[in-house]
Number of protein chains: 2
Amino acid sequence: MAAHLATLDHAATVRPAFAPVPGHRSVRSGGGTVVAFPDLRGADTLEAIADTVVAERETMLFSEGDAAGDLYRVIDGMVRIYKLLPDGRRQIVGFLQAGDMMGLTLGPCYLYTAETVTTCSLQRLPRSRFEALMEAQPALARSLHARTATELVAAQDHMLLLGRKTAVEKVASFLLLLATRSRSASSLGGRRVRLPMSRNDIADYLGLTTETVSRAFTKLKTGGLIRLLEGGLVEIVDRDGLAGTTEGA
Amino acid sequence: MAAHLATLDHAATVRPAFAPVPGHRSVRSGGGTVVAFPDLRGADTLEAIADTVVAERETMLFSEGDAAGDLYRVIDGMVRIYKLLPDGRRQIVGFLQAGDMMGLTLGPCYLYTAETVTTCSLQRLPRSRFEALMEAQPALARSLHARTATELVAAQDHMLLLGRKTAVEKVASFLLLLATRSRSASSLGGRRVRLPMSRNDIADYLGLTTETVSRAFTKLKTGGLIRLLEGGLVEIVDRDGLAGTTEGA
DNA sequence: CGGGTCCTTGACCCCCCTCAAGGTCTGTGG
DNA sequence: CCACAGACCTTGAGGGGGGTCAAGGACCCG
């Protein structure tokens, strides 16, 4: 009954909030660093009401059940959002990167916990202001809706992965997903993927354990499909072969 | 590698489309049967451009990859939407009931297959008209966005279930989900749940097999938490006990 | 140099999948 | 009305994929 109990050690090493990071909480009120937002039109107005904050790696941004006061948008870095079962089992429902939003809720509370994986720069804006802006700017509301719909599609793909794929297929799918998503940051056209998160994070994203993820990586490496480089870098040697193991037969 | 291969027999018994149901395709152009739509304001205008059609049980409405021409809203009955892997493994990503919409896509194609579970009455409307209506009626667009966001939340809950819950926990969660969702159709306040879908459908929704689902039902029955009545009816004897097994310890 | 985390690998086991058989129910045709 | 085929559900026996437990190595930091 008590199968695959989570290790619970994720809560131990995560800082309680990003507020007690005094040196880094650099609020650049004006138009500080200019970052490209290709998929959210009208972002300039959104930028105007947002503070830009920096959070250290492994910092909790907000917790499931807390009053949802602020929204965040990732400018740089990676954030994990997850849900917990009472006994500590964890399911990471997404890794967020530049451009992704979090903390949006219809109800009063956050529905998942958000923590930084790497050091992040984030836009933070009060929910009330954000909702007023949505009301005033139909174009912004439309692009937000498109974003939500895209997230829903990704969630359905992930359900297929969680419910019906084997361990090796899950890891292969994960690598290809990251390869296509972070095209900009990598050197070559998606041949190398950076994995900033731990094996434990990957496991909790794919519905596996750390050991099984590690074994799957080894299997893909032995099969000549990938190579594990230093610094959490993975080189995709045989992209078609990897895509083949993604779906079985 | 080729673990839990789906039986593929779901495709065999499903009718190809709901068009060849001549007697039932009653298109009531005007304001035919008046149904309550509590959660979609502005539904009257949406009703005006929609045909009301009836589809027999086990009928395919549209298929993943088809050109997304029409949207549907369920008026009555139950629809399953699912995604397939190339080798036939199936993941049902949702059971739709009265008020739920399907076929919405940003891209050109449907992203999942939709089939009726029971005989359904549906509202069908061309995508182009729907998008024009969204453009013209901000209130409708807002409610659609709220609907999409709610679906995303449900999807994240389901990811937690698929990735981290045991078989018995999955079935218990499934029963409680149906009990809270279909409050209106049941006689008592959620003490009895109707399961119109087969064990195989439930299995493909929960990431299990038919046999494991059946065994989980038996275990819940033996534990005195539920009773299996005839006609696919399940009586929830011990709701708190069922909720307890939902989350483990 | 010692303690910590993270990754990997091995040994073992258990939950769930697989395969199989039997029972029930339904629809159909004789 | 009954025989029969078919789908569906249940239960049992056995096996395998992945979880559990454990140990060792690499790396970082104090």
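The values are calculated or read from the model by the stated rules, or taken from the named source; none is laboratory data. Nothing here was measured: the structure is a model prediction, and the numbers come from that model. When we count neighbours, we look across all protein chains shown, and the Cβ atoms used for this are built from the backbone with ideal geometry, even at glycine. For the accessible areas, the whole protein counts, side chains as well, though only heavy atoms, and no ligand, DNA or RNA atoms are used. Shrake-Rupley method; radii C 1.70, N 1.55, O 1.52, S 1.80 Å.
Residues that are over 11 Å from the mean Cα position of the chain (by Cα) and assigned to a strand (DSSP E or B) within segment B:74-93 comprise B:I75, B:D76, B:K83, B:L84, B:R90, B:Q91, listed in sequence order. Each residue in segment A:106-139 was checked for being hydrophobic (A, V, I, L, M, F, W, C), farther than 23 Å from A:A48 by Cβ and more than 14 Å from every other protein chain (Cβ to nearest Cβ), and 1 pass.
Between B:L176, B:L140, B:L160, B:L144, which is in contact with a helix residue (DSSP H, G or I) (Cβ under 7 Å, 6 or more places away or on another chain) and either more than 19 Å from A:E135 (Cα to Cα) or assigned to a loop (DSSP other than H, G, I, E, B) (or both)?
Values: B:L140 fails: either more than 19 Å from A:E135 (Cα to Cα) or assigned to a loop (DSSP other than H, G, I, E, B) (or both); B:L160 fails: in contact with a helix residue (DSSP H, G or I) (Cβ under 7 Å, 6 or more places away or on another chain); B:L144 fails: either more than 19 Å from A:E135 (Cα to Cα) or assigned to a loop (DSSP other than H, G, I, E, B) (or both).
Sole residue among the options that is in contact with a helix residue (DSSP H, G or I) (Cβ under 7 Å, 6 or more places away or on another chain) and either more than 19 Å from A:E135 (Cα to Cα) or assigned to a loop (DSSP other than H, G, I, E, B) (or both): B:L176.
Being among the basic types (K, R) and either touching a Ser or Thr at 6+ places or on another chain (Cβ under 6 Å) or within 14 Å of another protein chain (Cβ to nearest Cβ) (or both) is a condition met by at least one residue of segment B:193-201. Number of residues in segment A:45-84 that are free of Cβ contacts under 8 Å to residues at least 24 places away in the same chain and under 21 Å from B:A154 (Cβ atoms): the value is 0.
Yes/no matrix, rows are residues, columns are (1) more than 8 Å from chain B (Cβ to nearest Cβ); (2) away from DNA strand C (no atom under 16 Å from the Cβ); (3) aliphatic (A, V, I, L, M):
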{"site": "A:D157", "(1), (2), (3)": "no, yes, no"}
{"site": "A:G163", "(1), (2), (3)": "no, no, no"}
{"site": "A:A167", "(1), (2), (3)": "yes, no, yes"}
{"site": "A:V171", "(1), (2), (3)": "yes, no, yes"}
{"site": "A:T218", "(1), (2), (3)": "yes, no, no"}
{"site": "A:K221", "(1), (2), (3)": "yes, no, no"}
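Across segment B:65-105, the number of residues qualifying as within 22 Å of B:E47 (Cα to Cα), within 12 Å of chain A (Cβ to nearest Cβ) and open to solvent by 40 Å² or more (accessible area, probe 1.4 Å) comes to 1. Would you confirm, using the coordinates I've provided, whether A:R191 is surrounded by fewer than 18 Cβ atoms within 10 Å (Cβ to Cβ), in contact (Cβ under 8 Å) with a residue 40 or more places away in the chain and either within 14 Å of DNA strand D (Cβ to nearest atom) or not assigned by TED's automatic domain parsing to the domain that holds A:G99 (or both)? Yes: the conditions hold for A:R191. Among the residues of segment B:41-64, write down those that are surrounded by 17 or more Cβ atoms within 10 Å (Cβ to Cβ), at pLDDT below 90 and not small (G, A, S). If the condition is that a residue be surrounded by 17 or more Cβ atoms within 10 Å (Cβ to Cβ), at pLDDT below 90 and not small (G, A, S), then B:L46, B:E47 are the ones that fit. Sub-9 Å Cβ pairs linking a first residue in segment B:214-229 that is in the same structural domain as B:P196 (by TED's automatic domain parsing) to a second residue that is open to solvent by 100 Å² or more (accessible area, probe 1.4 Å), at least 6 apart or interchain, are B:K221/B:R227; B:L225/B:K219, ordered by first then second residue. Filtering segment A:94-113 for residues that are assigned to a strand (DSSP E or B) and among the acidic types (D, E) leaves an empty set.
Please tell me if B:L122 is open to solvent by less than 20 Å² (accessible area, probe 1.4 Å) and more than 16 Å from DNA strand D (Cβ to nearest atom). So B:L122 passes the test. Determine if segment A:223-239 includes at least one residue that is open to solvent by less than 60 Å² (accessible area, probe 1.4 Å) and in a helix (DSSP H, G or I). For segment A:223-239, residues open to solvent by less than 60 Å² (accessible area, probe 1.4 Å) and in a helix (DSSP H, G or I): absent. Applying the set (1) within 11 Å of DNA strand D (Cβ to nearest atom); (2) over 14 Å from B:S173 (Cβ atoms) to B:V234 leaves exactly one unmet item: (2).
For segment A:63-73, give me each residue that is out of contact with any Lys or Arg (no Cβ under 7 Å at 6 or more places or on another chain) and not in a loop (DSSP other than H, G, I, E, B).
Result: A:A67, A:R73.
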